[in-house]
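What follows is a set of notes on a single structure, which appears directly below.
The values are calculated or read from the model by the stated rules, or taken from the named source; none is laboratory data. Model, not experiment: these values are computed from the prediction. Counting neighbours? That spans all protein chains shown, and the Cβs are built from the backbone with ideal geometry, glycine included.
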Amino acid sequence: MDQDSLDHPEVIRRLNRDFVPIRVDSDQRPDINSRYNMGGWPTVAILDADGQLIVGETYLQTGQLLDMLSVVQKNPSAKRFEDPPKREPTEPVKTSSPDESIVQSVVEHLLRLFDPEFGGFGGPPKFPQTWALELAFQLHHRTGNPKWLKMAVLTLDNMRESGLYDRIDGGFFRYSIRGDWDNPHYEKLLEVNARMLSLYLDAYRLTGQLLYRSTAQGVIDYLYTTLAAEGVCWFYGSQSADEDYYTQSEEERLGAEPPALDRTFYIDYNAMTASALLTAHSVLGDLKYLDAAMKLIGYLWQHGRRPAQGMFHCQDHNGDPLLAGYLSDQARMITALIDAFEATGIKRYLDQALELLEIMDRDLWDGGEGGYWDLPAGPGREGILKIRIKPFADNAVAAMTLTRLFHLTGQDCYRTRAGSVLSHLSTVYKPYQQHAAPFALALERFLFPPHYTVIVGKKGEARWNDLIRAAHRLKSPWKVVLPLDTEEDTARVKSLGYTTSAEPLAYVCIGTKCFKPVSRPEDLMDLKPQG
């Protein structure tokens, strides 16, 4: 639109004469995007003096934009949206406590939308749908039904071999315009590549297929060659689309100027990347990924947080924080901190996760209907921004973190709150269709116990660390690893009924089925059940 509409002299004249034009970066202001987006980018939304939506569209050519401006200028009430877009239903259908039947309803919808030729869910434009693929891994492992793994593998193979994956520079594009994953939209997001990195690492851990390992390595290489910020340990938000560049050969690209970067420091996307790097450490066994993840998490905690308000969302172009307390940043940072604790046994990370959760509960929890609002209540918001909403996927992520905290701490309050979040989501999930996959995954993990491994030993000892890494290499996609120190965690070790010895021990339980403790990492891969 910059080239086709917004640089037209008459558009410029009319906008400056009759309107107050404001450009919003939807990545920096997801609160505005979630309330005013008209179904895609770019969005053109015309508001009245109170910030209420008069009319809105997505892409507009010059004539269409001028027509819209004329209609509104002559009669501002000619077309008014009575309700803001994307609001939660005002009268949700009440249900009983969520159960496995809800997971099945989401699964049946995914099955109807699955593409048996190229994989993926739904028609073009085609997005990777990483949550649905994680759900397929989970269902395969729990049920033993091979169809779920086949669906996931078919999708992963076709995405990797199509134009969605950049085999020259590495990394994945955001989505594909065609159903066969070719003809992508040439934009690379940190968020997408962090999710795809975790997904392909999980696929390699589950199947041992080297193609998935090499794909994951290609994503890591892209992150460090292109999105890594200079002189610090965090990553830029995205690389812009440039069809001319990406359709060139490898030799031609060497001499070409690469597409521009969005150099914004986003907290939630970087937290997701830290989690992906911790997975890379556990799956690939390379300590440099552990070191990189821990440095990134430390940087996020030091530079991306206001102590009384929690994590903020990003920094603006002046370096000032934006959107302190936003749900996505709290939930993803808590996830990264839990991942750090499970990977290292350093209790500080668990304490920090619980500190953020306290802020999230204080500022965002809806004590009436359950679930978390996206932003704290407060003055200074106009128009539809006054309306508080509960982001669907972010609430699912929150439920998953609460379930993990229950297993890590043994405190029932976290499971109770996770159940309250899931009960809320069960009243609103149906319109989301295949996008309800994160809710179904969160419900799966709430209803069915994880592959639960407790490592008891002296913190930091080489064998203790080796057992932790081995526990993370187990194939189960739903697992919790609890490292306990014989000196600091004596009470917890005793409450779990475990004994200590001169060497570290790993105790493994899957539901009510437990295994004899082992002291060697290799023995974790071939356990014999007790009795």
* Taking HIS140, is it buried (at least 18 other Cβ atoms within 10 Å of the Cβ) and either out of contact with any Gly (no Cβ under 7 Å at 6 or more places or on another chain) or of a type in the set (D, E, K, R) (or both)? -> yes
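What number of residues within segment 359-372 are assigned to a loop (DSSP other than H, G, I, E, B) and buried (at least 21 other Cβ atoms within 10 Å of the Cβ)? Walk me through how you get there before you give the answer.
First, the residues of segment 359-372 that are assigned to a loop (DSSP other than H, G, I, E, B): 366-371.
Adding the requirement that they be buried (at least 21 other Cβ atoms within 10 Å of the Cβ) leaves 371.
So the answer is 1.
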* Determine whether GLY231 is of a type outside the set (A, V, I, L, M), closer than 28 Å to ALA336 by Cβ and without any contact (Cβ under 8 Å) to a residue 60 or more places away in the chain. => yes
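For TYR432, are the conditions met, namely being at pLDDT below 95, surrounded by fewer than 23 Cβ atoms within 10 Å (Cβ to Cβ) and among the aromatic types (Phe, Trp, Tyr)? Let's see the steps before the verdict.
Working: at pLDDT below 95: yes; surrounded by fewer than 23 Cβ atoms within 10 Å (Cβ to Cβ): yes; among the aromatic types (Phe, Trp, Tyr): yes.
For TYR432, the condition - at pLDDT below 95, surrounded by fewer than 23 Cβ atoms within 10 Å (Cβ to Cβ) and among the aromatic types (Phe, Trp, Tyr) - is met.
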* Quick check: is even one residue across segment 438-460 in contact with a strand residue (DSSP E or B) (Cβ under 8 Å, 6 or more places away or on another chain), polar (S, T, N, Q), surrounded by 22 or more Cβ atoms within 10 Å (Cβ to Cβ) and under 30 Å from LEU206 (Cβ atoms)? -> yes
* To do: Go through segment 23-44 and give me each residue that's of a type in the set (A, V, I, L, M) and closer than 22 Å to LEU322 by Cα.
  => VAL24, ILE32
* **Checking ARG142 against (1) in contact with a strand residue (DSSP E or B) (Cβ under 6 Å, 6 or more places away or on another chain); (2) closer than 24 Å to ALA440 by Cβ, the condition it does not meet** => (1)
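Residue check: is GLY383 modelled with pLDDT of 95 or more and at positive phi? Let's see the steps before the verdict.
Numbers: modelled with pLDDT of 95 or more: no; at positive phi: yes.
When the stated conditions are applied, GLY383 does not pass them.
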* **Residue that is surrounded by the fewest Cβ atoms within 10 Å (Cβ to Cβ) [pool: residues in segment 10-26 that are of a type outside the set (A, V, I, L, M) and more than 23 Å from ASN75 (Cα to Cα)]** => ARG23
* Just to be sure, is GLU358 at pLDDT below 95 and at negative phi? -> no
* To do: With the condition kept exactly as written, say whether any residue in segment 404-411 is part of a helix (DSSP H, G or I) and more than 30 Å from LYS494 (Cβ to Cβ).
  => no
* Would you please list the contacts, defined by Cβ atoms under 8 Å and residues six or more apart or on different chains, that run from a residue in segment 243-263 that is modelled with pLDDT under 95 to a residue that is aliphatic (A, V, I, L, M) and not in a loop (DSSP other than H, G, I, E, B)? => none
* Looking only at segment 474-496, which residues are surrounded by 18 or more Cβ atoms within 10 Å (Cβ to Cβ) and of a type in the set (A, V, I, L, M)? -> VAL480, VAL481, LEU482, LEU484, VAL493
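Does segment 324-339 include one or more residues that are more than 29 Å from LEU482 (Cα to Cα) and assigned to a loop (DSSP other than H, G, I, E, B)?
Within segment 324-339, the subset more than 29 Å from LEU482 (Cα to Cα) is 324.
Retained after the next criterion (residues that are assigned to a loop (DSSP other than H, G, I, E, B)): 324.
Scanning segment 324-339 turns up at least one residue that is more than 29 Å from LEU482 (Cα to Cα) and assigned to a loop (DSSP other than H, G, I, E, B).
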* Lone unmet requirement of (1) without any contact (Cβ under 8 Å) to a residue 60 or more places away in the chain; (2) under 27 Å from ILE510 (Cβ atoms) for LEU135 -> (1)
* Within the bounds of segment 301-313, is there any residue that is of a type in the set (D, E, K, R) and either buried (at least 16 other Cβ atoms within 10 Å of the Cβ) or part of a helix (DSSP H, G or I) (or both)? -> yes
* Scan segment 86-108 for residues that are small (Gly, Ala, Ser) and either modelled with pLDDT under 75 or part of a helix (DSSP H, G or I) (or both) and jot them down. => SER96, SER101, SER105
* From the set of residues in segment 201-228 that are without any contact (Cβ under 8 Å) to a residue 24 or more places away in the chain and among the hydroxyl-bearing types (Ser, Thr, Tyr), which is farthest from TYR289 (Cα to Cα)? -> SER214
* Asked: When you go through (1) closer than 16 Å to TYR165 by Cβ; (2) modelled with pLDDT under 95 one by one for THR225, which number turns out not to apply?
  -> (2)
* Sole residue being touching a residue at least 24 places away in the same chain (Cβ under 8 Å), assigned by TED's automatic domain parsing to the domain that holds PRO125, over 19 Å from the mean Cα position of the chain (by Cα) and surrounded by 15 or more Cβ atoms within 10 Å (Cβ to Cβ), chosen from SER176, SER238, SER198 -> SER176
* Residue list for segment 109-121, filter: in contact (Cβ under 8 Å) with a residue 60 or more places away in the chain and part of a strand (DSSP E or B) -> PHE121
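Suppose we filter segment 246-286 for residues that are among the small types (Gly, Ala, Ser) and either buried (at least 16 other Cβ atoms within 10 Å of the Cβ) or assigned to a strand (DSSP E or B) (or both); how many remain? Lay out the reasoning, then the answer.
First pass over segment 246-286, keeping only residues among the small types (Gly, Ala, Ser): 249, 255-256, 260, 271, 274-276, 280, 282, 285.
Filter again for either buried (at least 16 other Cβ atoms within 10 Å of the Cβ) or assigned to a strand (DSSP E or B) (or both), leaving 271, 274-276, 280, 282.
Of the residues in that region, 6 qualify.
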